[in-house]
Each structure stands twice: as structure tokens, then as C-alpha cells.
Amino acid sequence: MQRKITLEEHEIPTAYYNILADMPHKPDPPLHPATQKPVTPDDLAPIFPLELIKQEVTTERFVEIPDEVRTAYTMFRPTPLIRALNLERVLDTPAHIYYKYEGVSPAGSHKLNTAIAQAYYNKQAGIKRLATETGAGQWGSALSLACSMFGLKCKVYMVRVSFEQKPYRRSMIMTWGSEVVASPSSFTNAGRAILEKDPASMGSLGIAISEAVEDAATHEDTNYSLGSVLNHVLLHQTIIGLETRKQFEKAGVYPDVVIGCVGGGSNFGGLALPFIKDKIDGTAGARTLRAIAVEPASCPSLTKGEFRYDSGDTAGMTPLLKMHTLGHDFMPPSIHAGGLRYHGMAPIISQLYVDKLIEAQAYEQNDVFGAAVQFARVEGIIPAPESAHAIRAVIAEAQQAKEEGSKRVILFNLSGHGHFDMSAYDAYLAGKLGDVAEVTKSATVAR
Ligand SMILES: Cc1ncc(COP(=O)(O)O)c(C=O)c1O
């Protein structure tokens, strides 16, 4: 039985896939926070390069990947598609389980796929420096490496709770040559305003985004870079699903269920969107495909959020996005899956959820770490706590297949490894990890 399905470097896709060409209902447009009118390219020009603004709005089905970006991808792509034979055996399930392993990237996750593309387009536009936020540190470290590859400077606003929990992610960011500060920081108006109200604030992705956007808007040579949520980020991540489709073709397999964890929606979208295209097209074998987005019970934007316009950040500086949201001032509890602590969701993923083209599930973190440990003990790889949410849902699906005595092919995105999350594993193994069953939704109306 073949365990790994691999591709050659020349088989790396030459174009990203854009689901905006095929969605039955397109997401509503982003609105300017002051005028409440749809944002124009000119509104975005102070913080994004033109090529990325074009990618944000294009409805072309395929967007060519520049040669330099494809060459940079060969550092770690194509990534392997692996059959989880040992997990299947211990679960005693008739299901076949495959995972696309994005943790082979030098930064340890899928985030490098869009970091490389974003650094490239900013460099092409003559930008010298990028500012960004990071939750778990995965995105900050990926962008830091990408900036180093393309000769850009970079400043990372890292959510304070992760800054303290993950000192080695900080070290990685600095090793690749970027500056990293704990957010909220005293470097921006947004950060100072939060610190004034709550000097002990542990931060959130929403706050860190406000700081990075402000940094970019107030420095001529600096642009802002976002690691998830936006259309162009999901576009870049489709390289994951496009490769996977080729790998399955080689093996003569097609998935019945596609699963990914969701923070802002990019690794799930990256894997699932090319398959959802097949479903929308009514391709044989894909009509009954199910795609499941998995989130933490403590930050359940899809399963408990409202679908409405809301700000992408805490200070209300970003455009208003039509998405599932817990409210832009929602302060998620300090769960260890820092990359999933975001109040909102990608507008593309939100619209697909409304249109019932995808499903969503939420799990408590002890349950998630249980699944992570079970996976690590048989498959070897220690998953990032974010990715472990997907594993939890995979196990539920495989158990259901067993109960029903039905075979099914389950595909999931192992979006990153957890080598810098061992303190969270320690806490779980010592029985010290709490669950947050009840989450209060913010009632704040969008500004
Ligand atoms: C390993 C990993 N997986 C998933 C995520 C969630 O982000 P997204 O939903 O954009 O894939 C993160 C975010 O930091 C991450 O580090």
C-alpha cells in the first residue's frame, strides 16, 4: 500500500484558482469604514500593492503564478499527500484518511505560500518594508522568511499572549531578520489606546491588525500584509488543493469529505476551494462532496457568529467585511491555538457557509489536544494545535464511517507542525488545560 503520493517540482501548479469565478453568490463588497460605500482600489493603495488589489477583486478563474514565485516555492513544494494508515488502523475504521502536509515548509506551516507571493508583489511595486500582525507566530515567521528571501524589511506585531507563550517563534522571526514587538504596543495610537484602558491586555489578532495597518498607513515605504481572511490570501493558498487534486488523480482517488481548521479561513479554503469548484460544476464524484471547517469552541465565528458587516480589526481601521463575526472587540480566551483566535472569517468562506456549500464544527481544546496526541503517537508528526482541530473532526468522521459500516475517503489539511507549541502539549499532558464552554458574543454594532 502506497503511503505517500508525491509530485515532481515541474508539476507545481502554474496558476492559482479563484473561486470568485464560480461561486453561485459572490461575497458582498468590502465597505469603507468612514463612508460605508464599497472600497475603491484607491482606498487600498496606501497599504497594498496594485497587483494584490487586482487579485482581491478579480473574477478571472485562474491567476498565473509568476516564475519567481514558483521557483521560491520549490524550497518546500510540492508538499506530500500522506495516507494516515496507522491512524486508520487504530481507529479500526473503513474510512481512508489522507492528509496534505504543509508543515514541511521551513517556517512550519502553509502560511509561507501566501507570504512568498505577497513579499514578491510588494518588492515588484518598490516597497521596502512590510508591517504585519501575528497570532501564534506562524504567520509572522513565514512573512519574515519571505521578506528575507526578497530583500524586504519587516515589523511583526505579535499578540502578547503568544509573544510570552512562544519565545522561540519570536527567535525565528528575528533569525530571519525581522523586528518583533508584543501587541498591544506603545508604538502606535491603536496600541496606546488599548494599553491606557487595560495595561495588562494580552492582545488579540484584531488589536495587532490595527497596529500593523496604522504602521503601514503612516510610513511611506511600508505596506501592510495580512496572513488570512482576504480573497488574495485564499487565492494563493489554493496551490494546496490544486496540488492535492493532481496527487489524487495519480492515485485514482477522489475525496468524499475535505476538512480543515479555520482561523481566518485560508488553509481550509486553500485545500477545499478547488474541490468545491468540482462540486459547483457538478463533476461526477464531487456532487456529494462535503467540506467541513473546524473552529475552537472558544472562538466560534462560523457556528455562533452573526453574518453581517464588521470591521476586520479592533480599532475599526480596516474596511468592513461581510462575514461571520463575534464582534470586532471580541476578546477570545487565551487558548493555545493562537492562530484561531480571530473574531471574523474570510468573506468567501462565510458566503459558502450561508450557501450551504460547506459545513462547520466547533471543538473544545482538551478534546482537540486528545486528538493531536492520538495522531502523534501513531503517525509521528506532532501537529500544530490549530491543525489538531481538523484532526479532531477527522476522527469523528472516521468513527461515524465505522458505525455506519461505510467506506469513505477523508482528506484533511495538516496545516503545520507543533514543534513550538510544546508548552501547550505540556499543559494538556499535565491536565492543566482549561475548556471554555461558554462564550459571550459581543453585541457591538459594526462601525
Ligand atoms: C498551523 C496553522 N494552521 C491554521 C491557522 C489558521 O489560519 P487560517 O484559517 O488562515 O489557515 C494558523 C494561523 O496562524 C496556523 O498557524
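I'm trying to understand the selection: among the residues of the range 204-214, which are farther than 11 Å from Gly191 by Cα and away from the ligand (no atom under 16 Å from the Cβ)?
Within the range 204-214, just Val213 meets the criteria.
Please state which of the following conditions Glu295 fails to meet, knowing it meets all the rest: (1) acidic (Asp, Glu); (2) surrounded by fewer than 24 Cβ atoms within 10 Å (Cβ to Cβ); (3) under 19 Å from Ala362 (Cβ atoms).
(2)
Name the pairs whose Cβ atoms lie under 7 Å apart, with the first residue in the range 87-111 and at positive phi, the second in a helix (DSSP H, G or I) and within 16 Å of the ligand (Cβ to nearest atom), and 6 or more positions between them or separate chains?
Gly108/Gln138
Every residue in the range 244-282 that is among the small types (Gly, Ala, Ser), within 19 Å of Ile19 (Cβ to Cβ) and more than 16 Å from the ligand (Cβ to nearest atom), please.
Correct list: Gly282 only.
Scan (1) among the basic types (Lys, Arg); (2) more than 16 Å from the ligand (Cβ to nearest atom); (3) under 20 Å from Ile207 (Cα atoms) for the single condition Arg287 breaks and write down its number.
Arg287 satisfies all of (1) among the basic types (Lys, Arg); (2) more than 16 Å from the ligand (Cβ to nearest atom); (3) under 20 Å from Ile207 (Cα atoms) except (3).
Among the numbered conditions (1) crowded, with 24+ Cβ neighbours inside 10 Å; (2) under 22 Å from Ala396 (Cα atoms); (3) among the hydrophobic types (A, V, I, L, M, F, W, C); (4) out of contact with any Gly (no Cβ under 8 Å at 6 or more places or on another chain), tell me where Leu235 comes up short.
Among (1) crowded, with 24+ Cβ neighbours inside 10 Å; (2) under 22 Å from Ala396 (Cα atoms); (3) among the hydrophobic types (A, V, I, L, M, F, W, C); (4) out of contact with any Gly (no Cβ under 8 Å at 6 or more places or on another chain), Leu235 violates only (2).
Yes/no per residue for (1) in contact (Cβ under 8 Å) with a residue 40 or more places away in the chain; (2) in contact with a Leu (Cβ under 7 Å, 6 or more places away or on another chain); (3) of a type outside the set (A, V, I, L, M); (4) crowded, with 24+ Cβ neighbours inside 10 Å:
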position: Ala182; (1), (2), (3), (4): no, no, no, no
position: Phe187; (1), (2), (3), (4): no, no, yes, no
position: Ala200; (1), (2), (3), (4): no, no, no, no
position: Leu205; (1), (2), (3), (4): yes, no, no, yes
position: Ile239; (1), (2), (3), (4): yes, no, no, yes
position: Gly264; (1), (2), (3), (4): yes, no, yes, yes
position: Ala272; (1), (2), (3), (4): yes, no, no, yes
position: Lys279; (1), (2), (3), (4): yes, yes, yes, no
position: Thr283; (1), (2), (3), (4): no, no, yes, no
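Only one of Tyr224, Tyr254 is buried (at least 22 other Cβ atoms within 10 Å of the Cβ) and of a type in the set (Phe, Trp, Tyr). Can you tell me which?
Going through Tyr224, Tyr254 in turn, just one is buried (at least 22 other Cβ atoms within 10 Å of the Cβ) and of a type in the set (Phe, Trp, Tyr): Tyr224.
Looking at the range 385-406, can you tell me whether even one residue there is more than 19 Å from the chain's Cα centre (by Cα), among the β-branched types (Val, Ile, Thr) and buried (at least 18 other Cβ atoms within 10 Å of the Cβ)?
Scanning the range 385-406, I find at least one residue that is more than 19 Å from the chain's Cα centre (by Cα), among the β-branched types (Val, Ile, Thr) and buried (at least 18 other Cβ atoms within 10 Å of the Cβ), so the answer is yes.
I'd like the full set of residues that are touching a residue at least 12 places away in the same chain (Cβ under 8 Å), of a type in the set (Asp, Glu) and more than 12 Å from the ligand (Cβ to nearest atom), limited to the range 371-420.
Residues satisfying the conditions are Glu379, Glu397.
Would you pick out the residues in the range 159-180 that are crowded, with 20+ Cβ neighbours inside 10 Å, of a type outside the set (A, V, I, L, M, F, W, C) and within 24 Å of Ala217 (Cα to Cα)?
Within the range 159-180, Arg160, Ser178 meet the criteria.
Here is a check on your reading of the model: is Gly151 under 30 Å from Val63 (Cα atoms) and over 23 Å from the mean Cα position of the chain (by Cα)?
yes
Given the criterion out of contact with any Leu (no Cβ under 6 Å at 6 or more places or on another chain), under 24 Å from Leu230 (Cα atoms) and at pLDDT 95 or above, identify the matching residue among Glu68, Glu88.
Glu68
Which of the residues belonging to the range 40-71 are farther than 28 Å from Ala272 by Cα and in contact with a strand residue (DSSP E or B) (Cβ under 9 Å, 6 or more places away or on another chain)?
Result: Pro46, Ile47.
Among the candidates Pro300, Pro333, Pro296, which residue alone is in contact (Cβ under 8 Å) with a residue 12 or more places away in the chain, within 30 Å of Ser423 (Cα to Cα), out of contact with any strand residue (DSSP E or B) (no Cβ under 8 Å at 6 or more places or on another chain) and not charged (D, E, K, R)?
Answer to the selection: Pro333.
Just the residues that are of a type outside the set (Phe, Trp, Tyr) and either part of a strand (DSSP E or B) or in the same structural domain as Leu352 (by TED's automatic domain parsing) (or both), please, taken from the range 13-40.
Ala15, Leu31, Pro38
Residue check: is Thr314 closer than 27 Å to Val161 by Cβ, at pLDDT below 95 and out of contact with any strand residue (DSSP E or B) (no Cβ under 9 Å at 6 or more places or on another chain)?
The answer is yes for Thr314.
The values are calculated or read from the model by the stated rules, or taken from the named source; none is laboratory data. Computed from a predicted structure; not experimentally measured. All Cβ positions, even for glycine, are placed from backbone atoms using ideal geometry, and neighbour counts span all protein chains on display.
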